[in-house]
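The values are calculated or read from the model by the stated rules, or taken from the named source; none is laboratory data. Owing to the predicted nature of the structure, the values given are computational and were not obtained by experimental measurement. Counting neighbours? That spans all protein chains shown, and the Cβs are built from the backbone with ideal geometry, glycine included. Side chains included, ligands, DNA and RNA excluded: accessible areas come from the protein's heavy atoms. Shrake-Rupley method; radii C 1.70, N 1.55, O 1.52, S 1.80 Å.
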Amino acid sequence: MLTDLVYNDLRSKILSLEMKPGTELSFTTLKPLYNVSISPIRDALKRLQSEGLVEIKPQSGTSVSLINMAKVRDERFQRLFLELGAVEKAFDTGISKQLIEQWEISIQKQNDCFACRDTTSFLKLDNDMHRLLFRACGHEKVFDQILATSGNYHRIRMVSYLFDEIFSNAIEQHKIILSALKDGSMQDVLNLERKHISKLDMETAGYRRAYPQFFK
């Protein structure tokens, strides 16, 4: 379906910051880009608007929405407490050797992403790695729902990885969580996950100073 093609491509570009917050999205620009009529573009933009990724103002035009910190906090809250629940249930089910091996492989690839500063691939690896905890407890679809409703949180994470120190620290935190998984310490994993997901709260002021044009 043409609308799906336009929607998926625009969403990918917005989440990766290829289309930065505030970027204008006119029909004149988008129509030749996708070689489609106005109708599927309009429908795709409406879907993105419903997710808070696009802002449509009848008198002012359409643009990629600025990152909304109120929505970031709500989306982070959802992610944090659902993931803590997934960790508890995954430990009840049993942390498998396969899950440990998959985390190890992911972290190796994350190091490669850091070496070439590939933030988009890194965040995908990061998400896929955390997804394994939801898969382990039989609730992988819940993680899909989190990703589908967390566009603002996703984008601020992308902004965070523009800072080398934060990028490298994320990988180090993943290694520490992996060590706790290997040790079978559920409480340590819960504490580390809480710190890992919540760290954005302490770092946000720095992002806003460096990239004020991205934020509402």
Count of region 68-88 residues which are over 15 Å from the mean Cα position of the chain (by Cα) and either among the acidic types (Asp, Glu) or open to solvent by 90 Å² or more (accessible area, probe 1.4 Å) (or both): 2
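Residues are listed down the side, and each one gets a yes or a no for (1) touching a Pro at 6+ places or on another chain (Cβ under 8 Å); (2) open to solvent by 50 Å² or more (accessible area, probe 1.4 Å); (3) over 22 Å from LYS89 (Cα atoms); (4) not in a helix (DSSP H, G or I):
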residue: ASP112; (1), (2), (3), (4): no, yes, yes, no
residue: ARG131; (1), (2), (3), (4): no, no, no, no
residue: MET158; (1), (2), (3), (4): no, no, yes, no
residue: ILE166; (1), (2), (3), (4): no, no, yes, no
residue: ALA170; (1), (2), (3), (4): no, no, yes, no
residue: LEU178; (1), (2), (3), (4): no, no, no, no
residue: VAL189; (1), (2), (3), (4): no, no, no, no
residue: LYS199; (1), (2), (3), (4): no, no, yes, no
Candidates LYS124, LYS141, LYS216 - the one that is touching a Leu at 6+ places or on another chain (Cβ under 6 Å) and open to solvent by 50 Å² or more (accessible area, probe 1.4 Å): LYS216
Subset of region 57-67 [surrounded by fewer than 19 Cβ atoms within 10 Å (Cβ to Cβ), touching a residue at least 40 places away in the same chain (Cβ under 8 Å) and not aliphatic (A, V, I, L, M)]: SER63
Residue check, GLN98 in a helix (DSSP H, G or I), open to solvent by 60 Å² or more (accessible area, probe 1.4 Å), modelled with pLDDT of 95 or more and more than 18 Å from PHE143 (Cα to Cα): yes
Test: residue in region 26-34 that is open to solvent by 30 Å² or more (accessible area, probe 1.4 Å), assigned to a helix (DSSP H, G or I) and under 24 Å from PRO212 (Cβ atoms): no
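Condition first: surrounded by fewer than 19 Cβ atoms within 10 Å (Cβ to Cβ), part of a loop (DSSP other than H, G, I, E, B) and of a type outside the set (Ser, Thr, Tyr). Now tell me which residues in region 1-19 satisfy that. Quick ask: steps written out before the conclusion?
Residues of region 1-19 that are surrounded by fewer than 19 Cβ atoms within 10 Å (Cβ to Cβ), as a first pass: 1-5, 8-9, 12-13, 16, 18.
Pick out the ones that are also part of a loop (DSSP other than H, G, I, E, B) and you get 1, 16, 18.
Matches in region 1-19: MET1, GLU18.
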Number of the exception - ALA210 against (1) more than 21 Å from GLU104 (Cβ to Cβ); (2) buried (at least 16 other Cβ atoms within 10 Å of the Cβ): (2)
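Quick test for you: out of VAL189, VAL159, pick the one residue that is β-branched (Val, Ile, Thr) and within 29 Å of LEU66 (Cα to Cα).
After applying the criteria, what remains is VAL159.
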